[in-house]
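Written below as structure tokens is the structure these notes are about.
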Ligand code: NCD
Ligand code: ZN
């Protein structure tokens, strides 16, 4: 049986939520990943050092870790939640105080996606300059949800001018184009040395046709929406060839079934427990399994300058039947079969 080993897989864009949902989904990621960049779009969003520390504690608690003071006492399976702050116009003093507790700051245009109402209203360079200069000096990456408020299929392409503005005015600031979905974003990568990108597994697999070409598929609906075949081809070219500026970020975004199968479907695809299996299947089908390690870990380690503790995940080419539910959440491909499964984690 064909097998493939991955070392220290990392999910560089993950929604863990809070409360019961956090308890359901956090162990599904910590099982097979060494770490994940945890998104700050809670209600209310994560905007203070206290918020960051308290949320990290709740994540560790959801993983069954007992903490005393600031020390984690019991850790069975190693997993590092790389925390983020929700972008606001922060001053230098605040960022200096929080820099050791965060991996990045996440910027959302106001109202563009789930829980982003407190995001940025206008991308005015001078208003943003003090925050971005301080982040650049402190080497804090800026993760960006790059969509305009234009026509839904054009939103990401229209946002390219903002990426150019950010990358050219702050040449030492690492700007990460999150969950890219278009050939325009793929082409931007090599134009500025300080631009990077994450790509989800669902955007490597589906196009708008899968979402809305037949019966509407709420569990494939997310922001940014999946685009055209030529866009998916551009993403596949980057991921399968392990472009060094590209990292895997699942954007796994759980919503309860009633919020997805509703009149007014919440945006987000839940892939955390099936991501590595799907990636193995995809990379194997394209004869590119040797590049998967770079895409799911090594590139991210270099870009973020992180060094996760050892974890070895062995996958085998043996069918995995995707459960219909994980708690209240319906995963992508529920009830379907993936050709690869996880056989061992150490
Ligand atoms: C995310 C969510 O539900 O938090 N939804 C999504 O469709 N991706 C937010 C986001 O990353 O846009
Ligand atoms: Zn997201």
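The values are calculated or read from the model by the stated rules, or taken from the named source; none is laboratory data. Model, not experiment: these values are computed from the prediction. Note that we place each Cβ from the backbone using ideal geometry, even for glycine, and neighbour counts take in every protein chain shown.
Data overview
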{"read-out": "Members of region 310-338 found to be over 20 Å from the mean Cα position of the chain (by Cα), touching a residue at least 60 places away in the same chain (Cβ under 8 Å) and more than 18 Å from residue 200 (Cα to Cα), listed by number", "value": "310, 312, 314, 315, 316, 317, 318, 325, 327, 328"}
{"read-out": "Matching residues, region 143-159, being away from ligand 1 (no atom under 11 Å from the Cβ) and either touching a residue at least 60 places away in the same chain (Cβ under 8 Å) or in a loop (DSSP other than H, G, I, E, B) (or both)", "value": "148, 149, 150, 151, 152, 153, 154, 155, 156, 159"}
{"read-out": "Residues of region 18-43 classified as within 13 Å of ligand 1 (Cβ to nearest atom), crowded, with 23+ Cβ neighbours inside 10 Å and not in a strand (DSSP E or B), total", "value": "3"}
{"read-out": "Of the criteria (1) at pLDDT 95 or above; (2) surrounded by fewer than 21 Cβ atoms within 10 Å (Cβ to Cβ); (3) not in a helix (DSSP H, G or I), which one residue 313 fails", "value": "(2)"}
{"read-out": "Residue count for region 232-284, restricted to those that are touching a residue at least 60 places away in the same chain (Cβ under 8 Å) and within 16 Å of the chain's Cα centre (by Cα)", "value": "21"}
{"read-out": "Criterion: in a loop (DSSP other than H, G, I, E, B) and either within 16 Å of ligand 2 (Cβ to nearest atom) or surrounded by fewer than 22 Cβ atoms within 10 Å (Cβ to Cβ) (or both) - qualifying residue of 226, 197", "value": "226"}
{"read-out": "Residue list for region 240-259, filter: within 14 Å of ligand 1 (Cβ to nearest atom), outside any loop (DSSP other than H, G, I, E, B) and buried (at least 20 other Cβ atoms within 10 Å of the Cβ)", "value": "252"}
{"read-out": "Residue list for region 168-186, filter: closer than 16 Å to residue 147 by Cα and either in contact with a helix residue (DSSP H, G or I) (Cβ under 6 Å, 6 or more places away or on another chain) or assigned to a helix (DSSP H, G or I) (or both)", "value": "175, 177, 181, 182, 183, 184, 185, 186"}
{"read-out": "The listed residue being within 16 Å of ligand 1 (Cβ to nearest atom), over 23 Å from residue 256 (Cα atoms) and touching a helix residue (DSSP H, G or I) at 6+ places or on another chain (Cβ under 7 Å), out of 46, 105, 98", "value": "105"}
{"read-out": "Test: residue 78 is touching a residue at least 60 places away in the same chain (Cβ under 8 Å), more than 15 Å from ligand 2 (Cβ to nearest atom), in a loop (DSSP other than H, G, I, E, B) and in contact with a helix residue (DSSP H, G or I) (Cβ under 9 Å, 6 or more places away or on another chain)", "value": "yes"}
{"read-out": "Members of region 44-53 that are out of contact with any strand residue (DSSP E or B) (no Cβ under 7 Å at 6 or more places or on another chain) and part of a loop (DSSP other than H, G, I, E, B)", "value": "44, 48"}
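For (1) modelled with pLDDT under 95; (2) closer than 28 Å to residue 165 by Cβ; (3) surrounded by fewer than 16 Cβ atoms within 10 Å (Cβ to Cβ), each residue gets a yes or a no:
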| position | (1), (2), (3) |
| --- | --- |
| 70 | yes, no, yes |
| 90 | no, yes, no |
| 93 | no, yes, yes |
| 111 | yes, yes, yes |
